[in-house]
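*Asks:* Here's a structure for you.
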Amino acid sequence: METILKWAGGKRLLINQISKIINPDQLKKDNGHYYEPFIGGGAIAFSLELNETVINDSNKELINMYNVIKNNPSELIELLKIHQSKYSDAYYERIRKMDRSKNYDNISNVEKAARFIFLNKTCYNGLYRVNSSGHFNVPKGKYKNPDIIMEKKINGLSRLLNEKSFKITCLDFEKAVEDATKGDVVYFDPPYDYEETGFTSYSAIGFNKSDLVRLKNLCDRLIDRGCRVIISNNDTKFVNELFKCNGYKIVHIEAFRFISCDGSKRSKVKEVIIYG
Ligand SMILES: C[S@@+](CC[C@H](N)C(=O)[O-])C[C@H]1O[C@@H](n2cnc3c(N)ncnc32)[C@H](O)[C@@H]1O
């Protein structure tokens, strides 16, 4: 099953490499669960289609959308049809600014999920970015005819989430894997680390180097508990230093990343897949 979102750092182009390391056959033999605590667009978890997967993200709007897709796909699709029929520059601005109104907290979860998908499909590069007040502030992209409804994909994802009993949580990554035990596999795809430039803007995206240290310590504890762990990130000095001990294997890869608004231009970047 394909991802339905455009998502920064999405792993669609690395599905084969990462799935091989996850090794679903071994996971089944070990009777283990699969955890993905930074689910984002879910490229890996949704392609594996494993039973009893646990997906998590700290982004409330994203997790609300997955819950709505699981529990109420038909109402969601009806609302997306309305968004599609009204799509224009002015309509984009109206929907984008909804979270600035006091009434935003009172709108239903399905309306919030439809807004989230509409913005993801029509904003610049599918970015998710909010200002310091938590208001979505990405400008409109240049799509002439974006596929906002995605009826087949949404129904397919809804079936997957139900038939394979996916558990969906909205927690910090550390809390999300508290129940992981021997035989389980945890794939961590946190926000990217960047080389030091002299500016420390990391905390602006809410995930910084101290969170990566926290992640490394968590991985050590999970391995001690008998879990397998896999981590992907940018190939930075900091990430390599952090994971060079305790027997972690580090695979250096060159990945393609989409850079243009319509997803047509890709650039090559250096990434690592780490496992233990
Ligand atoms: C690189 S993206 C994951 C991309 C995903 N693998 C995909 O294929 O689309 C990182 C995700 O981590 C989430 N995140 C950031 N900080 C977090 C935290 N402390 N706990 C859990 N999730 C977090 C972000 O909301 C974002 O969705």
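The values are calculated or read from the model by the stated rules, or taken from the named source; none is laboratory data. All figures in this text were calculated on a predicted structure; none of them were measured in a lab. We place every Cβ from the backbone using ideal geometry, glycine too, and count neighbours over all the protein chains shown.
*Asks:* When you check LEU80 against the structure, is it crowded, with 19+ Cβ neighbours inside 10 Å, more than 11 Å from the ligand (Cβ to nearest atom), under 25 Å from TYR143 (Cα atoms) and modelled with pLDDT of 95 or more, yes or no?
*Replies:* So LEU80 fits the description; yes.
*Asks:* Still on this structure, I have one more. In region 105-137, which residues are more than 23 Å from ILE4 (Cβ to Cβ), of a type outside the set (Asp, Glu) and part of a helix (DSSP H, G or I)?
*Replies:* Listed by number, the list holds a single entry, ASN106.
*Asks:* Which condition number does TYR91 fail, the rest of (1) over 20 Å from PHE118 (Cα atoms); (2) surrounded by 15 or more Cβ atoms within 10 Å (Cβ to Cβ); (3) free of Cβ contacts under 8 Å to residues at least 40 places away in the same chain being met?
*Replies:* Going through (1) over 20 Å from PHE118 (Cα atoms); (2) surrounded by 15 or more Cβ atoms within 10 Å (Cβ to Cβ); (3) free of Cβ contacts under 8 Å to residues at least 40 places away in the same chain one by one, TYR91 breaks only (1).
Residue-wise test of (1) in a helix (DSSP H, G or I); (2) buried (at least 20 other Cβ atoms within 10 Å of the Cβ).
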{"position": "ILE149", "(1), (2)": "no, yes"}
{"position": "LEU157", "(1), (2)": "yes, yes"}
{"position": "SER165", "(1), (2)": "no, no"}
{"position": "ASP193", "(1), (2)": "no, yes"}
{"position": "ARG221", "(1), (2)": "yes, no"}
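*Asks:* Let me ask you something else. State the number of residues belonging to region 153-174 that are within 19 Å of LEU119 (Cα to Cα) and away from the ligand (no atom under 16 Å from the Cβ).
*Replies:* So the count comes out to 1.
*Asks:* The conditions are (1) away from the ligand (no atom under 15 Å from the Cβ); (2) under 30 Å from LYS121 (Cα atoms); (3) among the polar types (S, T, N, Q), and ASN208 fails exactly one of them. Which is it?
*Replies:* All conditions pass for ASN208, except number (1).
*Asks:* So if I check each of ASP147, ASP179, which one is modelled with pLDDT of 95 or more and assigned by TED's automatic domain parsing to the domain that holds LYS29?
*Replies:* Result of the check over ASP147, ASP179: ASP179.
*Asks:* Give me the residue from region 29-46 that is near the ligand (Cβ under 10 Å from one of its atoms) and among the aromatic types (Phe, Trp, Tyr) and, out of that set, surrounded by the most Cβ atoms within 10 Å (Cβ to Cβ).
*Replies:* Selected residue: PHE46.
*Asks:* If I filter region 159-168 for residues that are at positive phi and hydroxyl-bearing (Ser, Thr, Tyr), do I get at least one hit?
*Replies:* Among the residues of region 159-168, at least one is at positive phi and hydroxyl-bearing (Ser, Thr, Tyr), which makes the answer yes.
*Asks:* Using the structure shown, decide if ASN71 is more than 9 Å from the ligand (Cβ to nearest atom), surrounded by fewer than 21 Cβ atoms within 10 Å (Cβ to Cβ) and outside the structural domain of HIS252 (by TED's automatic domain parsing).
*Replies:* Against the criterion (more than 9 Å from the ligand (Cβ to nearest atom), surrounded by fewer than 21 Cβ atoms within 10 Å (Cβ to Cβ) and outside the structural domain of HIS252 (by TED's automatic domain parsing)), ASN71 qualifies.
*Asks:* May I pose another question? If I go through region 47-68 residue by residue, how many of them are assigned to a strand (DSSP E or B), within 12 Å of the ligand (Cβ to nearest atom) and out of contact with any Asp or Glu (no Cβ under 6 Å at 6 or more places or on another chain)?
*Replies:* Within region 47-68, residues that are assigned to a strand (DSSP E or B), within 12 Å of the ligand (Cβ to nearest atom) and out of contact with any Asp or Glu (no Cβ under 6 Å at 6 or more places or on another chain) number 1.
*Asks:* Could I ask something else about it? Do the conditions hold for LYS28, that is, is it modelled with pLDDT of 95 or more and over 14 Å from PHE118 (Cα atoms)?
*Replies:* Yes: the conditions hold for LYS28.
*Asks:* Please go through region 24-46 and pick out each residue that is touching a strand residue (DSSP E or B) at 6+ places or on another chain (Cβ under 8 Å) and in a loop (DSSP other than H, G, I, E, B).
*Replies:* GLY32, HIS33, PRO37, PHE38, ILE39, GLY42, listed by residue number.
*Asks:* Quick check: is even one residue across region 88-98 of a type in the set (Phe, Trp, Tyr) and within 16 Å of the ligand (Cβ to nearest atom)?
*Replies:* No, there is no match, as no residue in region 88-98 is of a type in the set (Phe, Trp, Tyr) and within 16 Å of the ligand (Cβ to nearest atom).
*Asks:* Among the numbered conditions (1) within 16 Å of the ligand (Cβ to nearest atom); (2) free of Cβ contacts under 8 Å to residues at least 24 places away in the same chain; (3) not hydrophobic (A, V, I, L, M, F, W, C), tell me where ASP224 comes up short.
*Replies:* (1)
*Asks:* Among GLY156, GLY134, which is the only one that is modelled with pLDDT of 95 or more, more than 14 Å from TYR92 (Cα to Cα) and out of contact with any strand residue (DSSP E or B) (no Cβ under 8 Å at 6 or more places or on another chain)?
*Replies:* Matching residue, one of GLY156, GLY134: GLY156.
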